[in-house]
Amino acid sequence: MLSPFKGSFRVTCERGWRNLFGKREYHKGLDLVGIDDTTVYAVGDGEVSVLYEKDGFGKYVRQTLSDGRRIYYAHLDEIYAQNASSVKVGDPIGKMGATGKVTGVHLHLELRPKGVTKESLDICEYTGIVNKRAQYYYETKNRFSYDDLVEKLMVLGIVTGENMVSWELMLSGRAQIRYEYVRTLLKRCCEKITELEKERKT
Ligand SMILES: [Zn+2]
C-alpha cells in the first residue's frame, strides 16, 4: 500500500457518489485524515506544482507521474514541497489542513489521467487503500529488515560486480533506505544474475 500518512489514518469519505452541500455529486478522490501524523507524504514519484484554488482545492499540490497521470493533494494547511521540484514516494508534501471548500480538516487525494481534464482515475486502485470508511494502519518499516537488506545487497553486489553508489552510506547507516530504491536495485541485480547465468551456459 502507498499511503500519504505514516502510521494510523482514517478514510472519512470514499470515492464515488455522495450528497454534499445539498446536491448529489461524484466524489473523484478519497478523503483521509492522518491520526498519528498530520504530515502528508508523496505517494508517487514526479515533479510537483504548488497551486491555490480559493473555492475548491485550497492550497494544493499537483504531482505529475512519468506516464503523465497526476496526483492531487488538496486542502493543505502548509506546503513543504518546492514548486517545480522532483518529489519521490515518502517525501513530505505538506501539512493536512482545511483550506478551500471543505467542512473540516482532511486530505483530499485524487488521481487524474494525462492531459488537462477533470476526469478522475481510481486512486484506491493506485494506492491500494481500501475505498471504505474505516481506520487503517500503514506499516512504514521496510519489508526487509535492515540486516537482511545489507546481506542481500552485499551478496548481489559481489555476484554481479555492480557498483552501488550509496552502499557505503547505507552500510554505515547514515542514509535512509528507500524501499522503492532498494526494490529497483534488487531487480537490477536479479536481471544481471540471470544474464550471467545465461552467459555461463553458452
Ligand atoms: Zn474530497
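The values are calculated or read from the model by the stated rules, or taken from the named source; none is laboratory data. No experiment lies behind these values; they were computed from the predicted model shown. Cβ: placed from backbone, ideal geometry, glycine included. Neighbour counts: every protein chain shown.
Take Lys118 and tell me if it is in a loop (DSSP other than H, G, I, E, B) and within 15 Å of the ligand (Cβ to nearest atom). Yes, satisfied.
A search for C-beta distances below 9 Å between a residue of region 65-76 that is on the phi > 0 side of the Ramachandran plot and any residue that is away from the ligand (no atom under 16 Å from the Cβ) and part of a loop (DSSP other than H, G, I, E, B), counting only pairs 6+ apart in sequence or on different chains, returns Gly68/Pro113; Gly68/Lys114; Gly68/Gly115. Note on region 10-84: enclosed strands (runs of 3 or more DSSP E) holding 1 or more residues that are surrounded by 14 or more Cβ atoms within 10 Å (Cβ to Cβ) and away from the ligand (no atom under 16 Å from the Cβ) are 39-41, 46-53, 58-64, 70-79. When Ala81, Ala98 are screened for being within 18 Å of Leu2 (Cβ to Cβ) and of a type in the set (A, V, I, L, M, F, W, C), only Ala81 passes.
Among (1) of a type in the set (Val, Ile, Thr); (2) surrounded by fewer than 20 Cβ atoms within 10 Å (Cβ to Cβ); (3) in contact (Cβ under 8 Å) with a residue 12 or more places away in the chain, there is one condition Thr117 misses while meeting the rest; what is its number? For Thr117, the exception is condition (3). Each residue in region 111-123 was checked for being over 12 Å from the mean Cα position of the chain (by Cα) and either under 24 Å from Arg10 (Cβ atoms) or of a type in the set (Ser, Thr, Tyr) (or both), and 5 of them qualify. Taking first residues from region 91-113 that are closer than 14 Å to Gly56 by Cβ and within 12 Å of the ligand (Cβ to nearest atom) and partners that are among the hydroxyl-bearing types (Ser, Thr, Tyr) and at pLDDT 95 or above, the Cβ contacts under 7 Å between residues at least 6 apart in sequence or on separate chains come to Glu110/Tyr72; Glu110/Ser120. Can you confirm whether region 11-33 contains a residue that is modelled with pLDDT under 95 and in contact with a Ser or Thr (Cβ under 7 Å, 6 or more places away or on another chain)? Within region 11-33 (the criterion being modelled with pLDDT under 95 and in contact with a Ser or Thr (Cβ under 7 Å, 6 or more places away or on another chain)), the answer is no, since none of the residues qualifies.
Listed by first and then second residue, the pairs with beta-carbon distance under 7 Å, at least 6 apart or on different chains, first residue in region 40-57 and over 15 Å from Thr127 (Cβ atoms), second charged (D, E, K, R), are Val48/Arg62; Ser49/Arg62; Leu51/Arg62; Tyr52/Lys59; Asp55/Lys101; Gly56/Lys101. Looking at Thr127, Thr99, Thr160, Thr140, which is the one that is surrounded by 12 or more Cβ atoms within 10 Å (Cβ to Cβ), at pLDDT 95 or above and of a type in the set (Ser, Thr, Tyr)? Answer to the selection: Thr99.
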